[in-house]
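Structure, as structure tokens:
The values are calculated or read from the model by the stated rules, or taken from the named source; none is laboratory data. Computed from a predicted structure; not experimentally measured. Methodologically, a virtual Cβ is constructed for each residue, glycine included, from the backbone with ideal geometry; neighbour enumeration extends over all protein chains shown. Calculation scope for accessible area: heavy atoms of the full protein, side chains included, ligands and nucleic acids excluded. Shrake-Rupley method; radii C 1.70, N 1.55, O 1.52, S 1.80 Å.
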Amino acid sequence: MKLLSRDPRLICELAFRPLALVFWSILGAKALNNGLARTPTMGWLHWERFMCNLDCQEEPDACISEQLFMQMAELMVSDGWKDAGYEYLCIDDCWMAPERDSKGRLQADPQRFPNGIQHLANYVHSKGLKLGIYADVGNKTCAGFPGSFGYYDTDAQTFADWGVDLLKFDGCHCDSVTSLADGYKYMSLALNRTGRSIVYSCEWPLYLKPFHKPNYTDIQYYCNHWRNFDDVYDSWESIKNILAWTTTNQKEIVDVAGPGGWNDPDMENNIEVWERPLSNLAWAVAVRNLQEIGGPRFYSIQVASLGHGIACHPGCIITQLLPEKVKLGFYEWTVTLKTRINPSGTVLLRLDHN
């Protein structure tokens, strides 16, 4: 069996997945009772390596497309990853068309996925693998594509009809903590009602933590595995930080995990924000992407937090100075600013108090 991939794109993702095996306890755990994820889920997810690369003209081999996932399916089999237990080939954000179809169903981008997700699922299954897909509990995905809020039953049935085997359910653009929790619970029930076996991967604790301590007993009742922190990147320092966080929080996360429900350690933030006051109440803010490979990354930050929380109260005019000068306009204190940052790149902003 050959376990050294000829393609470095595979190594980045697959090398980290055995971390899902650490820090669990099967004693007394009552996880989601759908018969799935009796052992930790192992597979490949596109985000860490390819992020939201939509430019198939300039980068046809690195954009989020049907071609990419068919190629990865072939590599997972030919290079021995399937035989080693990595059975899930998972699509992350940015696979969707910008709008739902006339019946309110999600649809794949027609240029990048010309044959649709069901065709891709059939191909993945023909390789002896399973297909994972991505959606979001809120109004939009993290990259701005259609979210599942108000469409939980429709989306669950759509995924089942397509032959999807795993759903990664993100938590961006949700209007309240209550809506977040209710959405994760409802989608769990909606998936089960389809009658298809679909592993349910939740981002629930990750989005709860800024507001209050996650109730892991509640979370493991509805989810097969759950994210506790931010994205991993391909660095040993990232892995050490993951292990350090997991070690520090063992009392909270160990006892709730076991067959059917697992802690997913895909963690570590790779965005650095730097701020400095200027004259006339203005501020300079630099947002730096520490990731060295992959595509551009979208990063959202609350305007209320900028300039130590005082630069935009109650509003400010924001101008992007780097990588090119762009007048972004007036931003109220309560809104979110979204930036797009290249690997190893920096976006420099000037905030002028209004």
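Restricting to region 295-337, name every residue that is open to solvent by less than 70 Å² (accessible area, probe 1.4 Å) and in a loop (DSSP other than H, G, I, E, B). The answer is Gly295, Pro296, Ala311, Cys312, Val335.
Out of Ser197, Ser188, one residue alone is part of a loop (DSSP other than H, G, I, E, B), modelled with pLDDT of 95 or more and either open to solvent by 10 Å² or more (accessible area, probe 1.4 Å) or among the small types (Gly, Ala, Ser) (or both). It is Ser197. Of the candidates Arg350, Arg340, the single residue that is open to solvent by 30 Å² or more (accessible area, probe 1.4 Å), assigned to a strand (DSSP E or B) and farther than 27 Å from Tyr207 by Cα is Arg350. Counted as qualifying within region 27-129 are the helices (runs of 4 or more DSSP H) with 2 or more residues that are out of contact with any Lys or Arg (no Cβ under 9 Å at 6 or more places or on another chain) and either open to solvent by 70 Å² or more (accessible area, probe 1.4 Å) or over 30 Å from Ile271 (Cβ atoms) (or both), namely 116-126. Lys240 meets each of the listed conditions (1) of a type outside the set (A, V, I, L, M); (2) modelled with pLDDT of 90 or more; (3) farther than 30 Å from Thr334 by Cβ; (4) open to solvent by 30 Å² or more (accessible area, probe 1.4 Å) apart from (2). The conditions of being without any contact (Cβ under 8 Å) to a residue 40 or more places away in the chain, among the basic types (Lys, Arg) and closer than 28 Å to Thr39 by Cβ are not met by Lys140. You will find that of Asn342, Asn354, the residue that is at negative phi and modelled with pLDDT under 80 is Asn354 and no other. The combined condition, being modelled with pLDDT of 50 or more and either out of contact with any Pro (no Cβ under 7 Å at 6 or more places or on another chain) or of a type in the set (Asp, Glu) (or both), is not fulfilled by Asp7.
Across region 202-212, the number of residues qualifying as out of contact with any strand residue (DSSP E or B) (no Cβ under 7 Å at 6 or more places or on another chain) and touching a residue at least 24 places away in the same chain (Cβ under 8 Å) comes to 4.
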